[in-house]
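S.K.: The following block contains the structure, expressed as structure tokens.
The values are calculated or read from the model by the stated rules, or taken from the named source; none is laboratory data. Because the structure is predicted, anything quoted here is derived from the model rather than measured. Backbone-built Cβ (ideal geometry, glycine too); neighbour counts: all protein chains shown. Surface areas here come from the heavy atoms of the whole protein model, side chains and all, with no ligands, DNA or RNA. Shrake-Rupley method; radii C 1.70, N 1.55, O 1.52, S 1.80 Å.
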Amino acid sequence: MVRPEKSIVKRFESLKSHLERENPILVDAIGGFRKLDSVGYATGLMATDDSYAMQISWWPLVSILGVFSAGKSSFINSYLGRTLQKTGNQAVDDKFTVVCYGEKNAGQVLPGLALDADMRFPFYRISDEIEKVTEGEGRRIDAYLQLKVTDSEVVRGKILVDSPGFDADAQRTSTLKLTNHIMDISDLVLVFFDARHPEPGAMQDTLTHLVENTIGRNDSNKFVFILNQIDTAAREDNTEEIVGAWQRALSQKGLTAGRFYTIFNKDVALPIEDETRRRRFVEKRDADMAEIEERIQQVEVERAYRIVGAMEKQAYRIRDTAVPAIAKLRQSWAKRVLRIDAIIFALIAAGVVVGGFMTGTLGSIGALFLSMFADPVSMIGLIVALLVLVLLIHFGVRRVVAAWMQRNIEDQDGLDLASAFRTNTRFYRSVFGKHPVGWNGRARSIVDDVIEQAADFVEKLNDTFANPSGESR
């Protein structure tokens, strides 16, 4: 049995301790992920210093994305009731800021390493992913991330992520990598646009990445689109036209359903002299803010279901996607190796025969072989020599074919098929094996048990957060 490294065991203990304090209902989910890890290690789908549990955020996560100067930081300050983030009309912060609760250390700012090295946070080992995108940048994790601590009760038990201006960062490739990572692991994504710039056509790149590339996702309902600082249009007669322009821009990118909020920060809003118009703007703003805040509060419940869903999804991915893909790769590799072996040995044999025939030594070669079989020592030596030749050719072919196929393997749905393929083609693995390495009746049973456990877990969550039976508790 392949076991995880000690560092992973220690981090699981830390995660369990955290959940016992913050969210006890999720403690049992750790066992399901550890079961899947054991299958991942055995099949080569996962390195022993990694875990499927580290690929998700265990804290409910709300991310705030959008263009610079769209009022993201002001929104966070208003929501927290604290002046935590710098604000301004230009890009004031070029880092992703993770905001979490901490009564004793409120106001403290920690470097990106604090996030990169702690599996409880959603950026655990993100430096490795940045390094894959831009060589050398992974060592500069502090240039991309920072952790801020606040004593605001509204974030107790959850995390907020404030992004740098989407179109204001020079390290664009790595920033996009982080942005995509955030969108994947978030429970709620608030996408901000700036009503002070009523021409959305100038931001097509942003619209494409944050709208067009997200509406086809299975979790597209977690994206909320917000036109902020709408108070700047209160003095104009074309407020509806401004909102309409943004709605048309979103619809052109495929967003034809869902909520589109218009808000502003009352603390820094421009004065609206017309009382009727002011009241209408404030009432609309308060109604939209109430809905947004309700969505934020709901993420704690949604996170529990997402974690269970992630566990179930990973089990299905291993069983129904990874294993068949590995089996197909292994079978293709074995067929190629045996076919090339046969061709090489046939060519060698043909070369000996043709060479002997052309040089007139064919009979002498045959006589030499017969004499060797009459001498046991010579016969053993001949057999050993032929066996060594066969093995050298065979293992050389194995290595070359595996290396060639390795270059053409693409990961499917985030599965590390290349690593699993390497595990299956190591020199001590037989080409005649019928199943992928590590996949047997026990492994299948483990995966099936996790799928069943996930279903039971959902029922447990339903009993905790709802009362489907109608019985008094």
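S.K.: Is there a residue being in a helix (DSSP H, G or I) and either open to solvent by less than 30 Å² (accessible area, probe 1.4 Å) or at pLDDT 90 or above (or both) anywhere in the stretch 428-439?
M.R.: no
S.K.: Counting only residues that are open to solvent by 10 Å² or more (accessible area, probe 1.4 Å) and polar (S, T, N, Q), how many does the stretch 39-60 have?
M.R.: Count: 2.
S.K.: Go through the residues of the stretch 319-328 one by one and say whether even a single one is within 30 Å of VAL39 (Cα to Cα), in contact with a His (Cβ under 8 Å, 6 or more places away or on another chain) and modelled with pLDDT of 70 or more.
M.R.: Looking through the stretch 319-328, at least one residue is within 30 Å of VAL39 (Cα to Cα), in contact with a His (Cβ under 8 Å, 6 or more places away or on another chain) and modelled with pLDDT of 70 or more.
S.K.: Working carefully through the options ALA269, ALA249, ALA257, ALA245, find the one that is aliphatic (A, V, I, L, M), part of a loop (DSSP other than H, G, I, E, B), modelled with pLDDT under 75 and open to solvent by less than 60 Å² (accessible area, probe 1.4 Å).
M.R.: Exactly one residue qualifies, and that residue is ALA269.
S.K.: Restricting attention to the stretch 1-30, report how many residues are more than 13 Å from ASP50 (Cα to Cα), open to solvent by 60 Å² or more (accessible area, probe 1.4 Å) and in a loop (DSSP other than H, G, I, E, B).
M.R.: The number of residues fulfilling the criteria is 1.
S.K.: From the list ALA287, ALA334, which one is free of Cβ contacts under 8 Å to residues at least 12 places away in the same chain, open to solvent by less than 60 Å² (accessible area, probe 1.4 Å) and over 30 Å from ALA454 (Cα atoms)?
M.R.: ALA287
S.K.: Here's another thing I want to ask about it. Assess whether GLU129 counts as being closer than 21 Å to ILE76 by Cα and of a type in the set (D, E, K, R).
M.R.: The answer is no for GLU129.
S.K.: Now for a separate question. Could you run through the stretch 103-136 and say how many residues are of a type in the set (Asp, Glu) and either out of contact with any helix residue (DSSP H, G or I) (no Cβ under 7 Å at 6 or more places or on another chain) or buried (at least 19 other Cβ atoms within 10 Å of the Cβ) (or both)?
M.R.: The qualifying residues number 4.
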